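Enquirer: Before anything else, here's the structure in question.
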Amino acid sequence: MSRTTRLPPIFPENTPVTRLMTRSAAPFALLTLALLSGCAAPPVQFYTLGAPAISQTGNTALPATAPVLNVARVALPDYLDNQDIMTRHGDQLDRSPNGRWGSRLSQGVTDLLAARLGQDWPHYIVTTQPLAETPALRLAVNINRLDLDSSGQGALQADWALVPSDTHRAILRNRGSFTAQGSVTTDAGKVALTRELVEQLASRIDSTIPHP
């Protein structure tokens with residue numbers, strides 16, 4: 001009678017060693033998938049409203065006695081004053097996954113207003129920074145609404161006051177509502193639409209302030 005010799009498999013499927021190897025490989029597989037997904041995600045892009053690219057008109061040096069117009073930091077609702085680029089869907093706000101403002105939105109709006117007013121007021125030193133001297137005029141702006149909806153409709157509502165250093169002069173107060181239409185399918189489109197609204201606000205402020 002012949003006897004067949006059967007060699008045992010090195011790692012039978014039901015051995016503890018095989019089960020241990022299978023369980024150990026699972027976390028590595030999940031980690032690999034996570035790394036691959038992370039590599040495929042688009043990078044975060046940062047945006048400004050373009051104020052650094054705007055220069056005041058004229059190259060003539062201002063005299064030391066030139067009056068100062070100080071633009072105070074714009075006030076925004078808390079839910080807007082951050083670096084998120086958002087669109088509104090009714091009561092819901094959707095944050096862009098890959099787009100951010102380069103600074104808090106209030107700072108970006110303030111810089112753009114100051115840059116535009118600096119063009120329109122070439123005989124004034126228009127600044128957002130505190131100076132040692134008391135400014136001749138101080139502009140305070142409160143934006144109570146700045147929304148872009150999913151259809152591309154933008155809306156901005158604001159009130160502002162021009163406060164002279166001379167207490168015998170009246171404080172000039174005004175308010176305005178502005179709308180604009182544009183694309184919100186990309187972050188660049190949202191930025192352009194936001195800038196259009198702030199540009200309208202700057203133009204209205206300029207038109208309601210008596211020039212020196």
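Enquirer: Looking only at residues that are more than 23 Å from the chain's Cα centre (by Cα) and among the small types (Gly, Ala, Ser) in region 121-167, which one is modelled with the lowest pLDDT?
Expert: The extreme case among them is ALA132.
Enquirer: Can you run down the residue pairs with Cβ atoms below 7 Å, 6 or more apart or on separate chains, where the first is in region 50-71 and at pLDDT below 70 and the partner is assigned to a loop (DSSP other than H, G, I, E, B)?
Expert: GLN56/PRO122; THR57/PRO122; GLY58/PRO122
Enquirer: Kindly provide the set of residues from region 93-120 that are charged (D, E, K, R) and under 9 Å from the mean Cα position of the chain (by Cα), ordered by number.
Expert: Narrowing region 93-120 to residues charged (D, E, K, R): 94-95, 100, 104, 111, 116, 120.
Correct list: ARG100, ARG104.
Enquirer: Of all residues in region 163-195 being within 19 Å of PRO77 (Cα to Cα) and in contact (Cβ under 8 Å) with a residue 40 or more places away in the chain, which is surrounded by the most Cβ atoms within 10 Å (Cβ to Cβ)?
Expert: THR194
Enquirer: I would also like to ask the following. Filter region 137-162 for residues that are more than 13 Å from LEU113 (Cβ to Cβ) and of a type in the set (Gly, Ala, Ser); which is surrounded by the most Cβ atoms within 10 Å (Cβ to Cβ)?
Expert: Here the answer is GLY154.
The values are calculated or read from the model by the stated rules, or taken from the named source; none is laboratory data. Quantities reported herein were computed from a predicted structural model and do not represent experimental measurements. Heads up, the Cβs are rebuilt from the backbone with ideal geometry, glycines too, and the neighbour counts pull from every protein chain shown.
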